[in-house]
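Scroll down for the structure; my scribbles are underneath it.
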Amino acid sequence: MSSSSQILRYDISYNYISTFIKENFIVENNEYKCDTYIFKRLMLKNKIYELQEYLIDKYYNSKRNYPRNMTTYRGFNVVLRQLCNNLNIKYRYHIQYIHSTYNIIYYITLNDLVENNNQNNNINQDSNESPKDKTKNLDKIVFK
């Protein structure tokens, strides 16, 4: 946590927030997607209230209205941006105009997801064998 945070009083666990994102958001193109549909699902499963309970003590007393207002999509996005900025998590957003309303979709990039995909790409690039060659090698496996 940055030591000059004027909103957050105590450190927030990166693992807790990354686990929350991984369990509840949708993975799309190496990013976690959050939109109104995901928010509604979180509300139905009471996940927003669990996050709210975790966060409310981490904020200064005068700033506790942020987690209290997480019951709206707009309030949830405010807290999500604050957490991402505080934990140095990269995010971007895309504004959609559908049926005369604007919808903001957030895309969050966690370092864990990027590292895992880079490792998988390196493994695939290292092997020069074609898929047929790989299946031929399976015949050589001996089971005991």
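Here is how the numbers come out for the structure above:
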| read-out | value |
| --- | --- |
| Any pair with Cβ under 9 angstrom, 6 or more apart, that starts in the stretch 71-86 at a residue that is in contact (Cβ under 8 Å) with a residue 24 or more places away in the chain and ends at one that is basic (Lys, Arg) | 73/40; 84/90 |
| Residue that is at pLDDT below 95, within 25 Å of residue 12 (Cβ to Cβ) and not in a strand (DSSP E or B), where the choices are 69, 77, 124, 128 | 69 |
| Among (1) farther than 23 Å from residue 29 by Cα; (2) without any contact (Cβ under 8 Å) to a residue 40 or more places away in the chain - the single one residue 59 does not satisfy | (2) |
| Any hit, the stretch 99-110, residues being surrounded by 13 or more Cβ atoms within 10 Å (Cβ to Cβ), farther than 13 Å from residue 17 by Cα and out of contact with any Phe, Trp or Tyr (no Cβ under 9 Å at 6 or more places or on another chain) | no |
| Of all residues making up the stretch 85-94, the number that are under 12 Å from residue 12 (Cβ atoms) and either buried (at least 18 other Cβ atoms within 10 Å of the Cβ) or touching a helix residue (DSSP H, G or I) at 6+ places or on another chain (Cβ under 6 Å) (or both) | 3 |
| Within the stretch 3-29, tally of residues that are within 20 Å of residue 39 (Cα to Cα) and either without any contact (Cβ under 8 Å) to a residue 24 or more places away in the chain or among the polar types (S, T, N, Q) (or both) | 6 |
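The values are calculated or read from the model by the stated rules, or taken from the named source; none is laboratory data. It should be emphasised that the depicted structure is a prediction, and the values quoted were computed from it without experimental measurement. Glycine also receives a Cβ, built like all others from the backbone with ideal geometry; neighbour counts cover every protein chain displayed.
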